[in-house]
Amino acid sequence: MRLTWIFMWVAALSLIGFPPLSGFWSKDAVLLSCWQAGQYGLFAVGLISVILTALYVVRLMGLIFNAKHAEEQNMKHEKEASSLMLAPLGILTALTIAIGLGGPWVEEFLSNTFTSYFQDSLGLTAVNNALSNTGNNFLILEIFVAVVSTLMVLIGMFPAYRFFISHKSDPTTFLSGHSSLRAIHQFLWNRWYMEAFYNKVFLNTGLALKELAIKYVENPLDQLLNVEVPAFFAGVSRGLRKVQTGILSVNLLYFILLFIAILIALRGLGVL
């Protein structure tokens with residue numbers, strides 16, 4: 001799958017920010033803006049992310065196209081995709097290369113366009129940078145950021161290449177010899193322990209509250225609505241059955257007593 005391999009490597013290198021592809025210019029623009037704004041902490045975090053991006057992208061390519069184990073070699077017998085599938089990949093790859101080669105001009109066009117939009121259309125005021133975007137100082141800064149970011153790319157690519165493409169080193173063996181790296185790997189492998197935290201705080205708490213809700217809310221309500229209330233009406237029904245004898249004279253007595261009670265009530269209300 002040579003064409004797929006080429007297209008994916010171009011996309012991978014652009015994602016890493018390898019010069020002179022399009023991702024290189026966007027990456028350096030972000031890093032340069034962090035430095036100009038005085039956000040040196042964000043600049044350092046950005047450089048670390050460059051290393052990690054280079055490492056995991058090259059690892060991805062190695063796992064797909066440079067499988068080491070025999071059972072993974074079956075992927076190498078896969079045939080190239082059809083022209084209908086390869087055409088858009090080729091177009092996107094060509095655009096990635098073209099935009100990369102024209103990066104400075106594209107960046108200048110986008111910068112002027114958005115600056116005009118933010119200032120003229122939205123009325124926002126541009127913040128004065130420590131260094132202007134012209135002159136030798138800015139050019140030196142651009143070169144410095146480009147060199148440092150490219151060095152970070154190579155630092156990230158090198159171990160990934162040895163582990164997953166050339167297989168000159170074994171990642172498991174390498175990790176076993178470094179306790180600090182094992183701890184980091186364990187932390188990342190467990191997804192920052194976010195799932196364990198969620199289970200401990202939310203899931204276990206919910207299950208504990210469930211037992212309390214069953215004991216003090218659900219069971220009492222169930223006893224009241226499904227046992228006590230029916231028992232009450234059953235008792236009322238039994239009492240009414242005892243009163244209702246079916247004897248005419250008794251029924252007439254009930255009627256007379258009810259009639260007297262109504263008269264007394266009306267008398268008390270002043271109606272009579």
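The values are calculated or read from the model by the stated rules, or taken from the named source; none is laboratory data. Bear in mind the structure is a predicted one, so any value in this text is a computation, not a measurement. Positions of Cβ are backbone-derived with ideal geometry, glycine not excepted, and every protein chain shown enters the neighbour counts.
If you go through segment 173-180 one residue at a time, do you hit one that is at pLDDT below 90, part of a helix (DSSP H, G or I), in contact with a Phe, Trp or Tyr (Cβ under 8 Å, 6 or more places away or on another chain) and within 23 Å of Val57 (Cα to Cα)? Yes, that holds for at least one residue. Considering His167, His178, His185, the condition of being within 23 Å of Phe65 (Cα to Cα), in the same structural domain as Ser49 (by TED's automatic domain parsing) and not β-branched (Val, Ile, Thr) is satisfied by His167 alone. Thr205 meets each of the listed conditions (1) closer than 30 Å to Val57 by Cα; (2) among the polar types (S, T, N, Q); (3) out of contact with any helix residue (DSSP H, G or I) (no Cβ under 7 Å at 6 or more places or on another chain) apart from (1). Closer than 30 Å to Ile48 by Cα and of a type in the set (Lys, Arg): is that true of Arg182 in this structure? Taking the combined requirement at face value, the residue satisfies it. Of the candidates Ser121, Ser111, the single residue that is of a type in the set (Gly, Ala, Ser) and either loosely packed, with under 11 Cβ neighbours inside 10 Å or touching a strand residue (DSSP E or B) at 6+ places or on another chain (Cβ under 6 Å) (or both) is Ser121.
Residue-wise test of (1) modelled with pLDDT under 80; (2) outside any helix (DSSP H, G or I).
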| site | (1), (2) |
| --- | --- |
| Ile51 | no, no |
| Ala54 | no, no |
| Arg59 | no, no |
| Ile64 | no, no |
| Ala67 | yes, yes |
| Met75 | yes, no |
| Glu80 | no, yes |
| Ala87 | no, no |
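Within segment 155-168, which residues are surrounded by 13 or more Cβ atoms within 10 Å (Cβ to Cβ) and without any contact (Cβ under 8 Å) to a residue 12 or more places away in the chain? Those that are surrounded by 13 or more Cβ atoms within 10 Å (Cβ to Cβ) and without any contact (Cβ under 8 Å) to a residue 12 or more places away in the chain: Phe158, Arg162.
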